[in-house]
1. Just one of Trp103, Trp52 is surrounded by 13 or more Cβ atoms within 10 Å (Cβ to Cβ), at pLDDT 85 or above, of a type in the set (Phe, Trp, Tyr) and in a loop (DSSP other than H, G, I, E, B); which is it?
2. Out of all the residues in segment 69-110, which are touching a Ser or Thr at 6+ places or on another chain (Cβ under 8 Å) and over 22 Å from Tyr59 (Cα atoms)?
3. Do we find a residue being surrounded by fewer than 11 Cβ atoms within 10 Å (Cβ to Cβ), closer than 23 Å to Phe108 by Cα and in contact (Cβ under 8 Å) with a residue 24 or more places away in the chain anywhere in segment 69-86?
Amino acid sequence: MSNLIIGTHEANTMMIRYEIFVKRFAHYTKKPIQVTTAILQEDMRTTPDYAWYCHLLDYLVEGDQSSNPPVKFSMLFDPFSRRLPTRLELDLDELFESLAYGWDSSEFMA
């Protein structure tokens, strides 16, 4: 479990937005999508023995290259962030997916 880290509930909630996109991509396109996580350490005080403590968690999301538009992005998460996504952000995610991919997210249950 190389991506099991300590962090706030709010940081985990922020990650869910991106995980829902990955689920929707797989559901609607029926094409493979890969999420790679990397633990980024800030300094040498943290050692591999304490990998659960990290400064940043990097999500690299890569979809099948034949998807239109293609999907490839990286997102950095601060595990100790207290920020929560707003309802507006969730609505914008669905609007973007509708315009860019033609998905009807209202019918999708994550």
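1. Going through Trp103, Trp52 in turn, just one is surrounded by 13 or more Cβ atoms within 10 Å (Cβ to Cβ), at pLDDT 85 or above, of a type in the set (Phe, Trp, Tyr) and in a loop (DSSP other than H, G, I, E, B): Trp103.
2. Ser98, Asp104, Ser105
3. Yes; the residues of segment 69-86 include at least one that is surrounded by fewer than 11 Cβ atoms within 10 Å (Cβ to Cβ), closer than 23 Å to Phe108 by Cα and in contact (Cβ under 8 Å) with a residue 24 or more places away in the chain.
The values are calculated or read from the model by the stated rules, or taken from the named source; none is laboratory data. Quick caveat: nothing in here was measured; it's all calculated off a predicted structure. Neighbour counts run over all protein chains shown; Cβ positions are idealised from the backbone, glycine included.
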